[in-house]
1. Pick out the one residue from THR390, THR408 that is of a type in the set (Ser, Thr, Tyr) and open to solvent by 10 Å² or more (accessible area, probe 1.4 Å).
2. List pairs: first in the stretch 317-343 and in the same structural domain as ARG297 (by TED's automatic domain parsing), second crowded, with 20+ Cβ neighbours inside 10 Å and basic (Lys, Arg), Cβ under 9 Å, 6+ apart or cross-chain?
3. Give the residue, chosen from ARG233, ARG226, that is away from ligand 1 (no atom under 16 Å from the Cβ) and open to solvent by 20 Å² or more (accessible area, probe 1.4 Å).
4. Out of everything in the stretch 270-291 that is among the hydrophobic types (A, V, I, L, M, F, W, C) and part of a helix (DSSP H, G or I), what residue ends up being most open to solvent (accessible area, probe 1.4 Å)?
5. Does LYS155 count as touching a strand residue (DSSP E or B) at 6+ places or on another chain (Cβ under 9 Å) and surrounded by fewer than 22 Cβ atoms within 10 Å (Cβ to Cβ)?
6. Restricting to the stretch 292-314, and then to whatever is part of a helix (DSSP H, G or I) and open to solvent by less than 10 Å² (accessible area, probe 1.4 Å), can you tell me which residue is farthest from ligand 1 (Cβ to nearest atom)?
7. Applying the selection to the stretch 3-15, what residues are touching a Lys or Arg at 6+ places or on another chain (Cβ under 8 Å) and either more than 22 Å from SER54 (Cβ to Cβ) or assigned to a loop (DSSP other than H, G, I, E, B) (or both)?
Amino acid sequence: MKIFNLSMECYPVAKVGGLADVVGALPKYLNQIESIESCVVMPCYNKPFVHEHSFEIVFDGWIHQSNQMFQVQVMKERSQSLGFDLYLVKIPALLDRDNPYGYWDESQQFLAFQHGVLHWLSAMKIRPDVLHCHDYHTGLVPFMIEYCPEFSFLKGVKTIGTIHNGEYQGQMKWEMAKFFPWFRGENSGLLDWNGFINPLAAMIKCCHAFNAVSDGYMQELFDNFRGLESLVRQEGGKAYGIINGIDTEVWDPATDAFLDFNFNKKNALAGKWKNKKALCEEYQLNPDLPLFSFIGRFAGEKGADLLPDIVEQSIQQTQGSLNIIILGSGDKNIENRLRDLNFTYSNLALDLGYKEFLSHKIYASSDFLLMPSRVEPCGLNQMYAMRYGTVPVVRYIGGLRDTVEDITTGGSGLNFANATADETVNAMHRALQIYHAPGLMDLLVQSNMNYNFSWEQSAQKYLELYRK
Ligand code: ADP
Ligand code: GLC
């Protein structure tokens, strides 16, 4: 069975968030199953990975968008060191950018990618068994292969849409239809939602099956999906929830090259302490205090706007008997407020950037990881934290409620019900009790490292879905 994953991100080629981690791991695990060949197709960005690896050009052609023509080249990575075939789609002026997102013409950019991929597959007579589309950026593919005559060779190919984040739907005005490959007007209703072209809605309508990245989030979407609730209910017969796994080779404290000190279950306490000491020294924090951390995009979904209040309240209420380290970037207001607090409180360490190596160090060094998310389709941070012996303190929502049970019921972390600073800080007080209870923290570190979030189980679930 040949599976083509279409995505805007893939670790280690280009990563903005968890989508990259998933697309960089799932195909690798699927390829370990006999009879499956899973590859990744993504845009060719201006990224170090592209310059540092060698590629073979496997296709060279042209696509039309409105009255413009764009060259499309498809390049296959030669070394195959990722555990799957990687194809990069090069479209000068639209895809050869520094980052996947954030450009004024990104709707056209995503359309060009989808058009380019389908043009390549049709022209080269490559017919995958499944086109696996990740998020709305590739959500028009199921429509295009059924209703754009240019891709009639692909008609009938099975399509699966994975919703990593239903907050983003890619809605665009109907004027943008001029950038689409040609389709009959009578089919335009499949693209429409409330008078706009909505790629995520089109994906749900036209794919053979779709899934959210956790069961918990799938259930939430029926009631809360930014306007698509009725659609998802109507199409509920082909909806699934499949929890993400983590790449336990990339995320292994015993071998992780980003860590100052590697450790395993047997020497976890000593290992975590050495890492914590080194990190605290670097950020001028007292290592004898419990260390809470936050890693993530500064966006409303992540509850990042609550961080300034969480920092102030928790440090004040405990008279400075805890430390907090924050790694992230995004909303400028949040960044500025945190910058101010960083001058006021020596218990706060702040790194406003995207630093893969530092995230690994923080998971390994922290005692607790904070996730006050408003929306969390799956969340990978809590699983990385547990693998590194850290206790997650999470809002009970989406994938977080599927992966972190409260310790009062025998689980691995702390839950709270609402995304507010007060509730987060209350949970931090509970965390401090655990921290100071003789022996309890050590037990939790050990038992959290025993959880198995590896992709093996979830890859099987995708396999079942592909077979269906
Ligand atoms: P999302 O995809 O919604 O951002 P996830 O929890 O699925 O959330 O995945 C986030 C991924 O991005 C994790 O691998 C996390 O470690 C990483 N990450 C987020 N922010 C940063 C940052 N500032 N520096 C390094 N890694 C980050
Ligand atoms: C999205 C979600 C996150 C999820 C990730 C990978 O970015 O916000 O919760 O873990 O995709 O599926």
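The values are calculated or read from the model by the stated rules, or taken from the named source; none is laboratory data. These numbers were taken from a predicted model, which means no experiment stands behind them. Backbone-built Cβ (ideal geometry, glycine too); neighbour counts: all protein chains shown. What goes into the accessible areas is simple: the full protein's heavy atoms, side chains included, and nothing from ligands, DNA or RNA. Shrake-Rupley method; radii C 1.70, N 1.55, O 1.52, S 1.80 Å.
1. Among THR390, THR408, only THR408 is of a type in the set (Ser, Thr, Tyr) and open to solvent by 10 Å² or more (accessible area, probe 1.4 Å).
2. Every condition considered, the pairs that remain are GLY328/LYS302; GLY330/LYS302.
3. So the residue among ARG233, ARG226 that is away from ligand 1 (no atom under 16 Å from the Cβ) and open to solvent by 20 Å² or more (accessible area, probe 1.4 Å) is ARG233.
4. Once the filter is applied, the top-ranked residue is TRP273.
5. So LYS155 does not fit the description; no.
6. By that ranking, first place goes to SER314.
7. Hits for the stretch 3-15 are GLU9, VAL13.
Quick grid of which residues meet (1) charged (D, E, K, R); (2) open to solvent by less than 20 Å² (accessible area, probe 1.4 Å); (3) part of a helix (DSSP H, G or I):
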| residue | (1), (2), (3) |
| --- | --- |
| PRO27 | no, yes, yes |
| SER35 | no, no, no |
| MET42 | no, yes, no |
| TRP62 | no, no, no |
| MET69 | no, no, no |
| VAL74 | no, yes, no |
| LEU88 | no, yes, no |
